[in-house]
Amino acid sequence: MTAQFWTACLLLLVPLGCGGAQPQPPPGRAERPDVIIPMGLLPGGQAETPVVPPKYTFAVIPKGTTHEFWKSVHAGAENAAKEFGDVKILWKGPLLENDRDGQISVVQDFVTKKVDGIILAPLDKQALVDAVKDAQAANIPVLIFDSALQDESLIVSYVATDNLKGGQLAGRQLGESMGGQGNVVMLRYNTGSESTEQREDGFLEAIKSGFPNIKVLSSNEYAGTTPESSLDKVTQILTKHKGEVNGIFAVCEPNAAGVLKALEESGLAGKVKFVAFDPNKELIQGMADGKVHGIVLQDPVTMGYESVKRLVAHLNGEKVEKRIGTGEYVATPENMATSEMDKLLKPQQFE
Amino acid sequence: MSSPVLTMSGITKSFGATHALRDVSLDVPAGRVMALIGENGAGKSTLMKVLSGAHSPDAGTMTLNGKPFAPSGPHAARLAGVGMIYQELNLAPDLSVEDNIMLGQERGRFGLLDRATQRAKVRDALDLLGHSDLKPNTPVRELPIAQQQLVEIARALASDCKVIVFDEPTSSLTRSDVEHLFAVIRRLKTAGLGIVYISHFLEEIRQVCDCYAVLRDGQSVGGGDLSDATDTNIVSLMVGRSVSELFPSVPHTPGEIVLQVSGLSGESSPVDVSFELRRGEILGIAGLIGAGRTELLRCLFGLDRCRTGSLTRSVSEGERFTKRGCQSQVQRSPSLTLRVSEGFGLVSEDRKTEGLAQSRSIADNMTYSRLKPYSRFGWLNLKRRRTAVADWMQRLHVKAASPEQSVSELSGGNQQKVAIARVLHQEADILLLDEPTRGIDVGTKAEIYRLMGEQAAAGKAIIFVSSYLTELLAVCDRVAVMSRGRFKEIRVARDWTAESVMSVAVSVNETVA
Amino acid sequence: MIEPPTTQPTSGYRTKSNQNWMRVFNVVGPFLALTAVVLFFAIADGWMNGEKATFLTGRNLMTISSQTATVAVAALGMTVIIIAGGIDLSAGTAIALCATVLAWSLKEDLGPRWFANETTASVAKSITEAKGDLKQIEREIEALAGGEYNTTQVAAKLMAKSDAEETIRQHERRLTKLKSLSAAVAVGMSLGCGAFCGFVNGLLVSYLRVVPFIVTLGTMQLYLGLSKQVARETTVRPDRFSQVSDGLVDLLSVRADALWLGLPSGVWLTLLLAALLAAVLHWTVFSRYVFALGSNEATARLCGINVRWNKIAVYTLSGLFVGVGGVYQFSRLTVGNPTSGSGLELRIIAAVVIGGASLSGGRGSVLGTLLGALIMSVIANGCTMLGLQNPVQDMILGVIIVAAVALDQFRQRAVSRKP
């Protein structure tokens, strides 16, 4: 972080009129600079190890950079890179979580930069197609993770959680913890988000087919992208259906954070069964306290790891399966103490 | 006569090229009320700003209570013992009476208020005023204006002031509140404070003051005990010398009526104003600041709403048409675009915030109101405009590098010429000039008078508002005197004297409100 | 009363040269900043990536220009608003609304249905059917070739085959035509939608007499809601192959075969619009009124300028540019998403401000705005090229904006410090 900050300071001098004071590059320079250039100019964390020039440079482009989920994917990708030793990861997402245009720009920039491969979690299954086509035209292989791309012929592989199955698991867990009786509320995430839509579909499907006595009170409310917006929405729904809600499903982590807060504030925590998708610290604590009755887990570390691994395999001429599942699990108050679940509940994060 | 509590001697202050004060001396005796008298712009407020620390004088010294006094700013002056009561109150409306009184001089230690000491201080001040009935906890917002003014006075007293300056304190008070205020002032006088009282109303001055000092053109021109002076003495001191050759006259004769105004009333002023204006006539409007002269012009031009009354604009061929805008009871303000097309042009009294787009060029400012001659299908012929503007600049002797120079870079006089050039370029038939000579030098003034005469000779009608009586009487054909929103009297200019104008303007003999 | 004889202020010369220097700086300032930023990234990229440096390659600069276009074109409209002393916070969501309306129009086949009484889906279906027929015929020919055959039979089949191929070609031509028609109508709707959004803003600003900041804060939300309504709370996805005209997608595509004279056609269009706007701002009566409004609204009123209608015109004009921005956004995304404009307004305003316009009105330039938009894109692109993380990128942008605004303040103070 300090290195990053240092770089920022250096960069900030530019607009203030110190552009002329930049060091000139030595002509005909052959070797890599290692001492004169501040380490911070290299991507964070990579500064210490470039002893061997990397064979492959991969751009990993998440949907955003602030959620914990992506930090775990980043950790997994770096794990794989370390394992291979000659792979360098460039980690860069759009500035805002739903900035499709920004993500397209990032892909275009990496195509121009001629990286050896791009690992992308597309914000939109259609909008990113043309950018991926550009990459293909420039002979840069693209591997998709987390969310699907419309045109699968363009990509090396698709590494992801089966979100439909995850949604079904959530439905089953919530149905069982409610004893097959009562009213549920499902909160959607944001318009046009592929992965959460699949979870939503899977959840509704599981409730419909497995629990005929459970009624879906509300399944068309969008809780928005932040815990704050989710908190507001849930509070409104709980007020509207006062005393009727027996179960809630939140399709993603920011959503669930808001739901938990709302339940706690309205004194319903523990009384209303609550299943979340993706963990965070509060949710895990909530589960220990009996306020959360299930968390569907993905395996982001494996997702990052597998993505890098498969892309290297592809570049080495091996055949790679078109679709790779990274598994989905349900943590319950009963099994949360097991080491397997613990690892998934508190996945490794990139520092 | 008691020894002066405040002496100001040889005070000189200039702003750029303008001498606001030249070698002014003033002695304020303890236990007496001194009236400070002068026309608008005579230097009264500048002198008081020097006293209150808002301006530091270029030369001259002051002593307060025998000690040298050179305040570094308003706060320092206040702490040293100079209290100022302006016509605009300076209170924090949501704070309590006590907090307002102690504002800026809170007693306390380590950031904690010492409420008890403060309360005692406030009590003393209110007692001295004879208004111990004011509750210190009341938010000031809930008090009537007159009591808010008391709070201001109490604030001055609480800082142990030696001198209190009242700057037109009665302008927002009712008749009975004025009496109360005078009672308070007399109390303060007996308490041994020195009091400076600024007012235009001679009647008021006679009621409350003991002695007077007159300023004119930034100089002291006289003073003494009020009992020794007649009103005529004082007014002639204020108005000064007679007309000089500073006013070039261009012969012009009034023709047929172009504008008939009857019963025009705005939101607060003007009140029921009627007059007619003729081609080739310069109608002057005199009156004190706040008499409603600017409002009258703004109503005529449609900038302010008119409540009642009618305007009849006649065009040259004798054809009459009444314009909408001022006829019905509730009427939205007429579009200014309409007024401009009817041949009205206004030069605002405020060049900076209204009259000119300061950051734009001379050419832009001059032609905003009439770009038609240079445009075809909305596109401008900049070259032709430039030539025309350069021509106007030459005619009005505007000193500038080029028509493209931004107006903010010009001197005040040249800016004023640009503003006037605009209404001339607009080819307006009725020119409404609001204080067109304010803040500009003597030479430019004379040029503007000549220009006005030329325009009148060319058949334009001009309404000329000014606070400078001499120029009004010299330049205008007729002069109307306004007071409290009403036309008091219209006479042919030569039937007025400065003294008679002043006595009409300052008369308080109000009809039923 | 005799005024003391006054001398002309002698400080005139000094302030004038000061002012001239300022004027030069206004134009050159953004240029310097852009040059400095580009130089910095070029040098840093050279240091870090050696021969593999790509920042200063033609392709990268072309990519940057394409990435800038949406913000740049909307910023052109915003420049006019800001010069007139206003602001438009709704520009971002209005762009998304325009893009969504465009996508919706394509998806619903509005153009073909209105003007050709046909849908792209039916033509696409006929193509699929015709292709099926062709396959069938080809299979029959193969079957014939395998066994006994006579020439008349084969000739008939071959005739049928070429007929089928001709049918497919006809249908494809028909589809291309329909797609262009659909695109034309959709683009028209986007522009109309943008102009309408601007008109509403202008109407509210001039008739409610509420500060534009507040009015457009409200319409920002309004347009977001409208576009969600149009999109039925999801993403509008016209079929990429049967409904979206290639011309529309190629507008900002960086594919080599979509470029025109080395740049995407959308970039050329932006430059053309910029040139047009610059001309309008220099040579029209309207522009005088715009500057007058921003410089001193009271003066404008005094001069009989119709303040209300000119404000409405300003916002509507800017709305047209927003409409073009909507077309560009769709061109890049190929979908209409209601939320994809949130936050865009700040980048648009930032571009104008970095370009030297004053938020208090009366000053701004087309060239500056283009440079401002470019500076932001260059920073985003350069940070990716150097592998710098998002926090750094955010901070740099922030500091540039603050520096631009500080500069503006400094300039204003320098002007108002005059006697």
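Counting Lys and Arg as +1 and Asp and Glu as -1, what is the net charge of the other residues whose Cβ lies under 12 Å from the Cβ of C:Asn381? Every neighbour counted, the sum reads +1. In straight-distance terms, cross-link reach from A:Lys281 covers every one of the lysines whose alpha-carbon lies under 20 Å from its own, apart from those fewer than eight places away in the same chain; here that gives A:Lys71, A:Lys261, A:Lys273, A:Lys291, A:Lys343, A:Lys346. Model label sites at B:Asp495 and A:Ala137, defined 7 Å from Cα along the beta-carbon direction, differ in position by 9.0 nm. Here is the tail figure for the protein assembly as shown: Cα pairs spaced more than 56 Å apart come to 40 percent of all pairs. Residues of segment C:292-311 that bury at least 40 Å² of accessible area once all protein chains are present, compared with their chain alone (1.4 Å probe, heavy atoms only, ligands and nucleic acids left out), are C:Ser295, C:Asn296, C:Thr299, C:Arg301, C:Leu302, C:Cys303, C:Gly304.
Could you compute the FRET efficiency for B:Asp58 and C:Phe115, with r as their C-beta to C-beta distance and R0 at 56 Å, rounded to 0.05? Between B:Asp58 and C:Phe115 the formula returns 0.10.
Here the calculated FRET efficiency for A:Glu264 and C:Gln170, from their Cβ-Cβ distance with R0 = 51 Å, stands at 0.15, rounded to the nearest 0.05. These residues, B:Thr230, A:Thr239, C:Thr79, go from largest to smallest accessible area, 1.4 Å probe, as A:Thr239, B:Thr230, C:Thr79.
Placing R0 at 25 angstrom, the Cβ-Cβ distance between B:Ser3 and B:Asp160 gives a FRET efficiency of 0.85 after rounding to 0.05. Each chain gives up part of its surface: B and C jointly bury about 3700 Å² of accessible area, both sides summed, for a 1.4 Å probe.
Gain on full extension, evaluated as 0.36 nm per residue between C:Leu203 and C:Leu39 minus their Cα-Cα distance, stands at 54.6 nm. If you take all other residues with their beta carbon under 13 Å from the beta carbon of A:Leu90, and give Lys and Arg +1 and Asp and Glu -1, the sum is +2. Only lysines eight or more places from B:Lys383 in sequence, or on another chain, were considered; those with a Cα closer than 19 Å are B:Lys372.
Computed over protein heavy atoms with a 1.4 Å probe, the accessible surface of the protein assembly as shown works out to 42 Å² per residue.
Relative intensity of segment C:325-419 on a log10 scale, I(q)/I(0) at q = 0.20 Å⁻¹, equals -1.07, per a Debye sum over C-alpha point scatterers of equal strength in the absence of solvent.
With both labels modelled 7 Å from their Cα along Cα-to-Cβ, the A:Glu334 to B:Glu203 distance reads 9.9 nm.
Please list, by residue number, everything in segment B:60-82 whose backbone N is under 20 Å from a paramagnetic label point 7 Å out along Cα→Cβ of B:Ser14. Residues B:60-61 fall inside that zone. Burial annotation for segment C:245-274: no residue shows an accessible-area loss of at least 50 Å² between the isolated chain and the complete set of protein chains, computed on heavy atoms with a 1.4 Å probe. The alpha-carbon of C:Lys125 sits under 18 angstrom from the alpha-carbons of these lysines, leaving out residues fewer than 8 places away in its chain: C:Lys107, C:Lys135, C:Lys177, C:Lys179. Of the residues in segment C:29-67, those shielded by at least 20 Å² of accessible area once partner protein chains are present, compared with the chain alone at a 1.4 Å probe, are C:Ala36, C:Phe40, C:Ile43, C:Trp47, C:Met48, C:Asn49, C:Glu51, C:Lys52, C:Thr54, C:Arg59, C:Thr63, C:Gln67. Note that chain C carries a Kirkwood radius of 24.3 Å, evaluated over its alpha carbons pair by pair. Take the accessible area of C alone and of A alone, subtract that of the pair with a 1.4 Å probe, and the total buried over both chains is about 5200 Å².
Extending 7 Å from Cα along the Cβ direction at C:Thr151 and again at B:Thr117 yields two label points whose distance is 12.7 nm. For the set C:Trp260, B:Trp379, C:Trp47, solvent exposure ranked by accessible area (probe 1.4 Å, protein chains only) runs largest to smallest as C:Trp260, B:Trp379, C:Trp47. With Rh defined as the Kirkwood radius, the inverse of the mean 1/r over Cα pairs, the Rg/Rh of segment C:149-303 is 1.21. For the protein assembly as shown, with all protein chains in place and a probe radius of 1.4 Å, 56% of the accessible heavy-atom surface sits on carbon or sulfur.
Other residues whose C-beta falls under 14 angstrom from the C-beta of B:Leu451 contribute a net charge of +3, scoring Lys and Arg +1 and Asp and Glu -1.
Based only on the alpha carbon positions, what is the Kirkwood hydrodynamic radius of segment A:163-297, in angstrom? The Cα-based Kirkwood calculation yields 14.0 Å.
The values are calculated or read from the model by the stated rules, or taken from the named source; none is laboratory data. Here the structure is a predicted model, which is why all the values come from computation and not from measurement. Every residue, glycine as well, gets a Cβ built from its backbone with ideal geometry; the counts of neighbours run over all protein chains shown. Please note that ligands, DNA and RNA were not included when accessible areas were found on the heavy atoms of the full protein model with its side chains. Shrake-Rupley method; radii C 1.70, N 1.55, O 1.52, S 1.80 Å.
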